[in-house]
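Only one structure is covered here, and it is reproduced in the block below.
The values are calculated or read from the model by the stated rules, or taken from the named source; none is laboratory data. Since this is a predicted model, take the numbers as computed values, not measurements. No Cβ is skipped: glycine too gets one built from the backbone with ideal geometry, and neighbour counts run over all protein chains shown. Side chains are part of the model used for accessible areas, which takes the heavy atoms of the whole protein and leaves out ligands, DNA and RNA. Shrake-Rupley method; radii C 1.70, N 1.55, O 1.52, S 1.80 Å.
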Amino acid sequence: MLYKFMGGSDEAILDVFEKAVREGSVRFASANRFNDPFEFKFTTVTPPTREAFDSWHDVYAPEYTAEQRSHAWSAFDGPASDFNTRFLPRAALLAQCYVLCLAKTWGRHLMWGHYASEHRGFAICYTDEFANEFVHDDNFGGRGNVLYSDKVPELHWFEGTPSEMMGPIIGTKSTEWEYEGEYRVLLYSPASKSAVFRTVDSSLIAGIILGARASEPLIAKAIALRAERPHFRVWQVTSAIDSFKLVTRPVEDNVRHFGSFL
């Protein structure tokens, strides 16, 4: 499964539940609005030769004129080369990329604290098939596990396919974020949007895991949806009796546990 942590005020989280769980709305956030402003950083590796540069364009950008190619090649030389080959491409990438950030595991304390409003929110449990849902989207840009590194990835200009060139850039984060265990899906769309949205079938939502401090109205909404959808499961996170390890228990209709206290 893949998991999406949801947070907000007690009132707002009820609306989030309706849109994201009941209606199946999926939000791809603008990369320009990441909580880490240093994502998508890279260092530039200049094309080895002009011949290699031209050969790449022959395959992947044949519409470029000789004048356009010459101008692009000159961007790698001179005092403005860093601006041309790092700053401008990164700014364009951030503006056009919209990312769905998912987690590969639900059981990490920091995720509940940081992304589920100190356990007042919930995590959506998507089926394994969910990862394939956007592959045929006209704006699909890529998907996969995030790699964590202390070293900024290299952009090898005009080597391999465009997706092979950009893959390490959009899929590498600082090791400081390794606790997230992130899986991401990328869409491209025009700039200046805060997010783009898609809708998925309810069969791709296996259930939700409620935070230990979930409000009674949120619990009630989850139970009501379970009554409508036979496949939909509702759990609540709590801590193991003899350790800090997080565990889940099924939510019953008329029984509540002091999961955030004991």
If the stretch 107-262 were replaced by its equivalent ellipsoid, with semi-axes equal to the square roots of 5 times the Cα gyration tensor eigenvalues, what would those be, largest first, whole Å? 35, 21, 12
Spin-label pair SER202/HIS71, simplified geometry with 7 Å Cα→Cβ offset, distance in nm: 5.3 nm
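Hey, what's the stretch 111-240 come to in accessible area per residue, 1.4 Å probe, Å²?
Working: 5970 Å² over 130 residues.
Per-residue value: 46 Å².
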Divide, for the stretch 12-125, the radius of gyration over alpha carbons by 2.2 N^0.38 Å, where N is the residue count. 1.60
Could you give the angle, 0 to 90 degrees to the nearest 10, between helix 50-60's Cα long axis and the longest principal axis of the Cα atoms of the chain? 50 degrees
Within the chain, helix-based [θ] at 222 nm, where runs of 4 or more DSSP H residues each add -39,500 (n - 2.57), nearest 500: -7000 deg cm²/dmol
Compactness ratio of the stretch 200-244: Cα Rg over 2.2 N^0.38 Å, N = residue count? 1.33
Over the stretch 152-262, with every protein chain in place, what whole percent of the accessible area is carbon and sulfur at 1.4 Å, could you tell me? 58 percent
Label-to-label distance, nm, for residues given as GLU159 and GLU18 (7 Å Cα→Cβ offset): 5.3 nm
Which residues does the label zone of SER25 cover in the stretch 85-103, counting backbone N under 20 Å from a point 7 Å along Cα→Cβ? 98-102
Scan (i) 33, 21, 16; (ii) 43, 19, 14; (iii) 24, 22, 21 for the value of semi-axes √(5λ) of the Cα gyration tensor in Å calculated from this model and give just the label. (ii)
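Using a 1.4 angstrom probe on heavy atoms only, work out the carbon and sulfur share of the accessible area of the stretch 1-134 in %. Could you put the intermediate results ahead of the total?
Details: 3670 of 6890 Å².
Carbon and sulfur atoms account for 53 percent of the accessible area of the stretch 1-134.
Full-extension gain between ALA227 and LYS193, please, as 0.36 nm times their residue separation minus the C-alpha to C-alpha distance. Walk me through the numbers on the way to the answer.
Details: separation 34, 0.36 × 34 = 12.24 nm, distance 3.66 nm.
Gain in length upon complete extension: 8.6 nm.
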